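Written out below as structure tokens is the structure these notes cover.
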Amino acid sequence: MTSRYDFRGKTALITGASSGIGRAFAFALAREGAKLLLVARSHDTLSELTAELRRDYACDADFLTADLSTSGAVDAIAAYLNASGKVVDVLVNNAGFAAYGRFEEVPLSRQRDEVLVNCMAPVALTHLVLPGMLKKSDGVILNVASTAALQPDPYMAVYGATKAFLLSFSEAVWAENRHRGVRVIAVCPGATQTGFFDVVGAQEAAVGSPMPIATVIRDAFWALDRNRSHRVVGMKNRLLANLPRLLSRQGAARLVEKILRPRQGKELATGHAIGQVPPR
């Protein structure tokens, strides 16, 4: 039997907290009475956000500037936690980015960073905080995946693969810990109102009308309270999630390639965005 998770007084570490879904989680958790440690690359934005949360919610909030594509980022977070005496009760692995373009045209260095931010950082941070949660038989690990995890994503091949990794990883860690007091969930939103596609420069990569960020937060909390291993956000997305069951894997890949193919007469973009936010 699961129950409403009580965030009051819990310390929540949120990556990619400076904008979009990460920022929304910061406000939602502040309203729930959590203490916040916000992580992102933008020092000035994080500083302003932290001040706003302290002012509007009398929230115990702090921030740490870190680039999760660098090798020492998680070590720096660990050192900060040790020095401050903070113990993470809630981990929101939200930072992520996508590169749009033909696989061979997207710089390999960009795709390597994509794997580091979208996959390695959540694994390392989960490994860092999970033992402390298990000692108390209490904790939350919430991974922001994407509907891109549910099928191959031509023109965003590495992005889709990283989100599939994050979904599988989340479900496995959920299964290991579901009776040990730690809730683990992968949230899979579709296109979301974050400005992501404006930055990437590929509106064709957004499938369907973007949903409000508030819907993602609401669904995440709903599924968390029920100790679900994952949650696909939005009824249409949940229906589309069954597509690979109806088609062959090759058929699903061909269909998605047509959907994500660059519009006629447009140069194929290889843009990227870093922060909150799975586009799909």
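The values are calculated or read from the model by the stated rules, or taken from the named source; none is laboratory data. The structure presented is a predicted model; accordingly, all values stated were derived computationally and were not measured. Positions of Cβ are backbone-derived with ideal geometry, glycine not excepted, and every protein chain shown enters the neighbour counts.
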Inspect all residues belonging to the stretch 32-44 and state whether any of them is closer than 22 Å to ASN143 by Cα, part of a helix (DSSP H, G or I) and either modelled with pLDDT of 95 or more or not aromatic (Phe, Trp, Tyr) (or both). no
Within the stretch 172-193, restricting to residues that are at pLDDT 80 or above and among the polar types (S, T, N, Q), the one that is surrounded by the most Cβ atoms within 10 Å (Cβ to Cβ) is THR192
Taking ARG54, is it more than 21 Å from the chain's Cα centre (by Cα), modelled with pLDDT of 95 or more and either among the acidic types (Asp, Glu) or more than 29 Å from LEU116 (Cβ to Cβ) (or both)? yes
What's the number of the only condition in (1) among the β-branched types (Val, Ile, Thr); (2) under 29 Å from TYR155 (Cβ atoms); (3) in a helix (DSSP H, G or I); (4) in contact with a strand residue (DSSP E or B) (Cβ under 8 Å, 6 or more places away or on another chain) that ILE77 fails to meet? (2)
If the Cβ limit is 6 Å and pairs must be 6+ apart or interchain, which residue in the stretch 128-143 that is on the phi > 0 side of the Ramachandran plot pairs with which residue that is modelled with pLDDT of 95 or more? SER137/GLY181; GLY139/ASP89; GLY139/MET133; GLY139/VAL182
Selection from the stretch 59-79 of residues polar (S, T, N, Q) and crowded, with 19+ Cβ neighbours inside 10 Å yields SER69
Looking only at the stretch 80-114, and only at residues there that are part of a helix (DSSP H, G or I) and of a type in the set (Lys, Arg), the one that is surrounded by the fewest Cβ atoms within 10 Å (Cβ to Cβ): ARG112
Cβ-Cβ under 8 Å pairs, at least 6 apart or on other chains, the stretch 15-27 side among the basic types (Lys, Arg), far side outside any loop (DSSP other than H, G, I, E, B) and surrounded by fewer than 24 Cβ atoms within 10 Å (Cβ to Cβ): ARG23/LEU49
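Kindly indicate which of PHE165, PHE196 is modelled with pLDDT under 95, within 22 Å of ILE14 (Cα to Cα) and of a type in the set (Phe, Trp, Tyr).
PHE196
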Restrict the check to the stretch 14-26 and report whether at least one residue is crowded, with 23+ Cβ neighbours inside 10 Å, at positive phi and assigned to a helix (DSSP H, G or I). yes
